[in-house]
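See below for the structure under consideration.
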Amino acid sequence: MRYALKIAYDGTDYAGWQRQKNARSVQEVLEDAVLSALGVKVNVTASGRTDAGVHAAGQVCHFDSEKITVPPQRLPDCLNRFLPSDVRLIDGWGADENFDSNRSAKRK
C-alpha cells in the first residue's frame, strides 16, 4: 500500500530533507519514527528536497509498505509521538499506487 503524509517542520536544525551520512535530516527522523513506532523500515520520498535550514508548512511525502496495519489517517497520531517537536505530521491518507509525491506535485 502507498501511504501519503503531509509534514510540517522547522528546518533550523536539519541539513535539509534528504538523508545524509554526517548530518541530521528530516527524512532520517521520519524514517526512524516509522521504524520505532511500527517496526517497519521504509524509504520516504518527498515532493522535493530542501536545503539546510529550510522550513515546510505542508510538504507531501510518501512511502510503500505491506506490513503496516495502522489506518493511513491515524499515522500522524501514531508517528508524532516518535518525532522531535520541530517535525509534525499534519495529515495522512492512502494514495493510489501511481501517486508519486515528487512527480505529482502541482507546486513547490
Within region 21-31, is even one residue outside any loop (DSSP other than H, G, I, E, B), open to solvent by 30 Å² or more (accessible area, probe 1.4 Å), in contact (Cβ under 8 Å) with a residue 40 or more places away in the chain and among the acidic types (Asp, Glu)?
no
So Ala105 passes all but one of these: (1) more than 14 Å from the chain's Cα centre (by Cα); (2) modelled with pLDDT of 95 or more; (3) hydrophobic (A, V, I, L, M, F, W, C). Which condition number does it fail?
(2)
What do you reckon, is Ala52 at pLDDT below 95 and in a loop (DSSP other than H, G, I, E, B)?
yes
In region 59-94, which residue that is among the aromatic types (Phe, Trp, Tyr) and open to solvent by 30 Å² or more (accessible area, probe 1.4 Å) is farthest from Leu5 (Cα to Cα)?
Phe82
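The values are calculated or read from the model by the stated rules, or taken from the named source; none is laboratory data. This one's a predicted model, so the numbers in the text were calculated from it and none came from an experiment. In this analysis, Cβ positions are derived from the backbone assuming ideal geometry, glycine residues included, and neighbour counts consider all displayed protein chains. We work out accessible area using only protein heavy atoms, side chains counted, and drop any ligands, DNA or RNA first. Shrake-Rupley method; radii C 1.70, N 1.55, O 1.52, S 1.80 Å.
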